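The values are calculated or read from the model by the stated rules, or taken from the named source; none is laboratory data. What you see is a predicted model; the values in this text were computed from it and never measured. Backbone-built Cβ (ideal geometry, glycine too); neighbour counts: all protein chains shown.
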Amino acid sequence: MFKFANSLGFHEVNRLRYCTLGIGLLFACLASSTYAQSNASSINFGDDSSNWANDQECDDPRFIGEGVATTLLEDDRLHDATDCRELFLAGSIRLIEDTTPIDNSGADFGDNSSTWAFDGQCDDPRFAGHNMAAMPLDTDMFHDADDCRDLFEQDSIRLLSGSNVVLGGRFERGSLREGDDTRANGSYSDSYSFIAERGDSTIIDLRSGEFDTFLTILGPNGEEFSNDDYAESFDRSLVSIPRTETGTYEVIVSSYAEAESGGYTLEITTDERPLESLNQQISGVLMIEDETFTDGEYFDSYDFEGRPGQSITLDLNSDEFDTYLILRQPNGEALVNDDTDGSNSRIEVTLPEAGNYEVVVSSFAGGETGEYRLNIAEITDQTGGASSAVATGSLRLGDSVSGDLVDGDQVADNDGFQDSFFFTGNSGEAIVVDLTASDFDTVLSLQTPSGELFENDDFEGSTDQSLLRLTLQESGRYRILVSSYSSGETGDYQLAVRPADVLSSVSTRAAFGSQVYGLFAGIADYPGTGNDLYLTDQDAIRARDALIAGAGMNTDNAYTLLNDDATGENFRAALNRINADIGDDDTLVIFYSGHGDRVPRAAGPNSSDPDGMDETIELYDGPMLDDELAALLENSNAGTILLVMDSCFSGGFSKDIISRPGRMGLFSSEEDVTSQVAFKFQAGGYLSVFFDEAIREGYADRDENGEVTAIELSQYLHGRYRADVKSLGTTSYVRTSGPQSAYQHLVVDRGGIGPYSVLFNRN
């Protein structure tokens, strides 16, 4: 029932030499058998002395076509007579020298004797373009004159030119030379074509040892794909088309520079690997030969046919890269998961409709490679049938339902029981999702169609209510998760999803009160020169000035510690002065930019650091542990605390500090991941730059009402990271308690602050 097709890397495809012939990719026919028979007598096929003779493939490099071997050697010229003769007579191969050139100045359209003449499409395989028939045949060459002439004159199709009109096999040898077609940049070019079916995954690989290669692919619907230097190699260009459209593709072989000439090889491959069942583990490898996203992330893809109501789980695990998992649905929507468990990914879903689903395995950062394991399973109930537990029900806007968490429900990540609901939302709709229960401590989650997750635990400090209030940013199917804070809790609950104006009584009290206080520490000049950083001291000034300009912070409430002033003593003294003045309606912002580290946990019990490590900020005179900063804030009178940390391993401060009500954290990396310098923006850290833009310029105020809410700030920062940081990952490692990926990964922890609490008032 289920068929998966893996988009393999080039080397993997090449190893499948004898099992991929004829799968997926349809090539146009070559010369007719009548033509072949009449001309076979004039060809010297040689003898059968090749090591590959009598294997049903032609290994003679003088031939091209579907029956030609993948790899051709000059030593086999004239030495595979029997194979080549039989395939030539069958019309499966032809001599390269027999290709008839086409006059590029015009076209001989021929006559209208084709069976498909006068159907408004061109069936002559000498042409390519948007209005070509899905599968042109060589028998229609020169026989669909009126259709092809009309479309040609309308510029809807083009005449293929160059050394070969039709690519008849998966491997071609050719050469660029004076007299070939010339492109706009003065480079010589040869053209080929192939016919593909919708959904094929195709790799076109061009190599030359004599010129700087450039490869262009023109699709049937006007798409253009190109590649210059694949893997930074001047002698290789590669284009991967993960999902072709049915029709004719034109392949243009050229050089990067003007008038370069020389020999080349061109290979086109496709592959499908059917899986026997849905329930299995797939072992794969991301490699530099794989297809890439625009930010440089390699990926493999798998397809399957799903049915509505079918519940599946996808688990992606790797010890070598930070996984990124995508499930594309037939309607074009996608579910995305980055980190469910550390650097591993998981998607659990009930399929909404029948059709083809695509599972995409990739990495969070560009350039990462390594082995992975993809577990695919259908969720079944105890009787062996398909489970309906994943989707407890479907809701419409305005619905209220009663339910109960019971032993046997789906299990959430915290080992608590969980129910799921779905509703269809439209971009721009303002909604409220409200969960109440008296029997357990509620937790409410909302997953968007693209996979983004919003959560609320205790709404306004209440353990029996969780509430999300937001404006939908995309149209599609949303998933609501009802669960408990602690594992094993059960009981009745009430769930409602309403337009936002229906629940006008919901509090939107600003989390930030009458005054904003700030402690800003930035260190670029550490003792000596070996540990100095780039502009991290200016990050602190940037954050301070942003809050003054964009959040109305009084300059008297700002404490700035730079370089040798940013000692532990001064840091503690500044906090003490702030705590002496701040009230429970006020807000404290603590900003730090500088070095961060991880150290073995101090002796004694510490449940907040189960990994056995403490995270630190490296002040001028030594480290400050996450535990110490947590203790300093324990007795703070501030109503709200916002912690902004642009340093390595800074996410480790979240579990020690942000778990309390009224606290929110912004961190430039996870607890076991390093951060990068923002050279691109002439700044110390990316978080500093994006926080400045969000507050000073007000870019996070998406609805332009003069207020920045917690969710607006979170969404803006995530968007900026995806756009400007995600592609900067590296495969190098730093050594702490083991290999740690050397790239940053934004962490936003809203703690007990509601998503629509107003953080900054710009009015």
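Being over 23 Å from Gly263 (Cβ atoms) and either acidic (Asp, Glu) or surrounded by fewer than 16 Cβ atoms within 10 Å (Cβ to Cβ) (or both): is that true of Glu197 here?
Criteria met by Glu197.
Each row is one residue, and each column tells you yes or no for (1) without any contact (Cβ under 8 Å) to a residue 24 or more places away in the chain; (2) surrounded by fewer than 18 Cβ atoms within 10 Å (Cβ to Cβ); (3) of a type in the set (Asp, Glu).
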| site | (1), (2), (3) |
| --- | --- |
| Gly684 | no, no, no |
| Phe690 | no, no, no |
| Ile695 | no, no, no |
| Asp701 | no, no, yes |
| Glu704 | yes, yes, yes |
| Val708 | no, no, no |
| Tyr716 | no, no, no |
| Gly719 | yes, yes, no |
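If we keep just the residues of segment 320-341 that are at pLDDT below 80 and among the acidic types (Asp, Glu), which is nearest to the chain's Cα centre (by Cα)?
Residue satisfying both the conditions and the ranking: Asp338.
Tell me whether segment 603-617 contains one or more residues that are under 23 Å from Val689 (Cβ atoms) and out of contact with any Cys (no Cβ under 6 Å at 6 or more places or on another chain).
Yes.
Ile695: under 18 Å from Gln473 (Cβ atoms), among the hydrophobic types (A, V, I, L, M, F, W, C) and out of contact with any Cys (no Cβ under 7 Å at 6 or more places or on another chain), yes or no?
Answer is no for this residue.
Go over the candidates Val589, Val644 one by one and state the one that is of a type in the set (Val, Ile, Thr) and more than 27 Å from Tyr485 (Cα to Cα).
It is Val589.
Tell me which residues, restricted to segment 179-237, are in contact with a helix residue (DSSP H, G or I) (Cβ under 8 Å, 6 or more places away or on another chain) and either of a type outside the set (D, E, K, R) or closer than 10 Å to Ile252 by Cβ (or both).
Ile203, Ser237, listed by residue number.
Residues of segment 67-89 being modelled with pLDDT of 75 or more and in a loop (DSSP other than H, G, I, E, B), which ones?
Selection gives Gly67, Ala69, Leu73, Arg77, Leu78, Asp80.
Residue by residue, here is whether (1) at pLDDT 75 or above; (2) at positive phi; (3) among the basic types (Lys, Arg) holds:
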residue: Ser343; (1), (2), (3): no, no, no
residue: Arg373; (1), (2), (3): yes, no, yes
residue: Gly385; (1), (2), (3): no, no, no
residue: Val390; (1), (2), (3): no, no, no
residue: Val406; (1), (2), (3): yes, no, no
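When you scan segment 392-404, how many residues do you find that are over 25 Å from Ile347 (Cβ atoms) and at pLDDT below 70?
Residues that pass the stated criteria total 0.
Which one is farthest from Val433 (Cα to Cα) among residues in segment 456-477 that are acidic (Asp, Glu) and touching a residue at least 40 places away in the same chain (Cβ under 8 Å)?
Glu474
With the condition kept exactly as written, say whether any residue in segment 564-573 is in the same structural domain as Leu629 (by TED's automatic domain parsing) and in contact (Cβ under 8 Å) with a residue 60 or more places away in the chain.
Scanning segment 564-573, I find at least one residue that is in the same structural domain as Leu629 (by TED's automatic domain parsing) and in contact (Cβ under 8 Å) with a residue 60 or more places away in the chain, so the answer is yes.
Of the residues that sit in segment 303-327 and are outside any loop (DSSP other than H, G, I, E, B) and acidic (Asp, Glu), which one is surrounded by the fewest Cβ atoms within 10 Å (Cβ to Cβ)?
Only one residue tops the list, namely Glu305.
Please go through segment 548-575 and pick out each residue that is of a type in the set (S, T, N, Q) and at pLDDT below 90.
Correct list: Asn554, Thr555, Asn557.
Out of all the residues in segment 559-585, which are surrounded by fewer than 19 Cβ atoms within 10 Å (Cβ to Cβ) and of a type in the set (Gly, Ala, Ser)?
Gly568, Ala573, Ala580, Gly583
Which of the residues belonging to segment 645-657 are crowded, with 23+ Cβ neighbours inside 10 Å and either within 13 Å of Ala543 (Cβ to Cβ) or in contact (Cβ under 8 Å) with a residue 40 or more places away in the chain (or both)?
Within segment 645-657, Met645, Asp646, Ser647, Cys648, Phe649, Ser650, Gly651, Gly652, Ser654 qualify.
Please determine whether any residue of segment 250-267 is buried (at least 20 other Cβ atoms within 10 Å of the Cβ) and at pLDDT below 80.
Checked against the condition, which is being buried (at least 20 other Cβ atoms within 10 Å of the Cβ) and at pLDDT below 80, segment 250-267 yields no hits at all.
Would you mention how many residues in segment 658-673 are surrounded by 24 or more Cβ atoms within 10 Å (Cβ to Cβ) and of a type in the set (S, T, N, Q)?
2
Return the residues of segment 477-526 that are buried (at least 22 other Cβ atoms within 10 Å of the Cβ), at pLDDT below 85 and either over 37 Å from the mean Cα position of the chain (by Cα) or closer than 30 Å to Pro449 by Cβ (or both); say none if nothing qualifies.
Answer for segment 477-526, where residues must be buried (at least 22 other Cβ atoms within 10 Å of the Cβ), at pLDDT below 85 and either over 37 Å from the mean Cα position of the chain (by Cα) or closer than 30 Å to Pro449 by Cβ (or both): just Ala511.
The rows are residues; the columns are (1) in the same structural domain as Arg542 (by TED's automatic domain parsing); (2) modelled with pLDDT under 90; (3) not hydrophobic (A, V, I, L, M, F, W, C).
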| position | (1), (2), (3) |
| --- | --- |
| Ile582 | yes, yes, no |
| Val589 | yes, no, no |
| Arg601 | yes, yes, yes |
| Met613 | yes, yes, no |
| Leu632 | yes, yes, no |
| Ala638 | yes, yes, no |
| Lys655 | yes, yes, yes |
| Ile658 | yes, yes, no |
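Looking at (1) free of Cβ contacts under 8 Å to residues at least 12 places away in the same chain; (2) under 18 Å from Ala412 (Cβ atoms), find the lone condition where Leu335 falls short.
Among (1) free of Cβ contacts under 8 Å to residues at least 12 places away in the same chain; (2) under 18 Å from Ala412 (Cβ atoms), the lone unmet condition for Leu335 is (1).
Check Gly594 against each of (1) at pLDDT below 90; (2) crowded, with 23+ Cβ neighbours inside 10 Å; (3) touching a Gly at 6+ places or on another chain (Cβ under 8 Å) and name the one condition it does not meet.
The single condition Gly594 does not satisfy is (1).
Quick check: anything in segment 527-535 part of a loop (DSSP other than H, G, I, E, B), closer than 30 Å to Phe679 by Cα, at pLDDT below 85 and β-branched (Val, Ile, Thr)?
yes
Residues being touching a strand residue (DSSP E or B) at 6+ places or on another chain (Cβ under 8 Å), at pLDDT below 80 and either surrounded by fewer than 20 Cβ atoms within 10 Å (Cβ to Cβ) or β-branched (Val, Ile, Thr) (or both): count how many of those fall in segment 285-302.
Matching residues across segment 285-302 total 3.
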